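Every number here is computed from the coordinates shown, using simple stated rules; none is lab data. Quick caveat: nothing in here was measured; it's all calculated off a predicted structure. Ideal geometry is used to build each Cβ from the backbone, glycine not excepted, and the neighbour counts take in all protein chains shown.
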Amino acid sequence: MKLNIDVPNNLSEITLRDYKKFLKIQETVTDEKFLNAKIIEIFCKIELKDVMLLKFSDSENIVKIISKMFEQKPKLVTKFKLNNKEYGFHPQLDDLTLGEYIDVDTYIGDWENIEKAMNVLYRPIIAKLKGKYTIDEYKVEAVVDILDMPMDAVLSSVFFLWNLGMELSQTMMNYLEAEENNPALTEFLNSQESGDGINQFMDSLTEILQDLKISLN
């Protein structure tokens, strides 16, 4: 039996919804060969019974192609199309409301609910002017739609926030060195509470990055 299989070649061809489906399977399946079959079923969108008809060598090659994609560190995806709408990455993160910030901070490292963070970061574009754009207001109920966003946007935004965190931490260290003669400021920046906060933030995002790759071994 000859099968026509569309193997994704880019993270933009994989949705967050499908990736979360894979993560659920990965939590419960211990057999490597069966997990590989589920990877093909989910990401190539073919029935499992048809996956079982593939040559073993072909199935191995398909899984390698897919797993390789998740080793990418894509540049920030600022726009993508979804359900006939164009979505844009939040152009002014400094303007996040308290509620929006809490949702991003709470869910950016939670793959069970990461779409709630994505729903804050990416929203429909409502106006464009000279290369700039404005996005729609934050709507909690829109989280259902955002599940079908492309994985390159998801991962790129996670990496972006991680890099932003590294830059902020470095800025704080540089500022501390520049102000080392200010005892009050030095004591504050070196306080146990402040240090713990930075370390927890960086540790959390580092763990996210380590978990992004599909592990097949």
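From least to most packed, judged by other beta carbons within 10 angstrom and beginning with the fewest, SER67, SER156 follow the order SER67, SER156. Step through the table entries LYS20/LYS64; LYS49/LYS85; LYS20/LYS128; LYS64/LYS130; LYS45/LYS128; LYS38/LYS116, compare each Cα-Cα distance with 30 Å, and write down the pairs that go over it. LYS49/LYS85; LYS20/LYS128; LYS64/LYS130; LYS45/LYS128, as the Cα separations exceed 30 Å there. Is the stretch 78-149 best put as rounded, prolate or oblate by its Cα gyration tensor, with a ≥ b ≥ c the root eigenvalues, rounded for a/c under 1.5, and otherwise prolate when a/b is larger than b/c, oblate when not? Verdict is oblate for the stretch 78-149. Here the residues VAL29, VAL63, VAL140, VAL154, ranked from fewest to most Cβ neighbours within 10 Å of their Cβ, fall in the order VAL140, VAL29, VAL63, VAL154.
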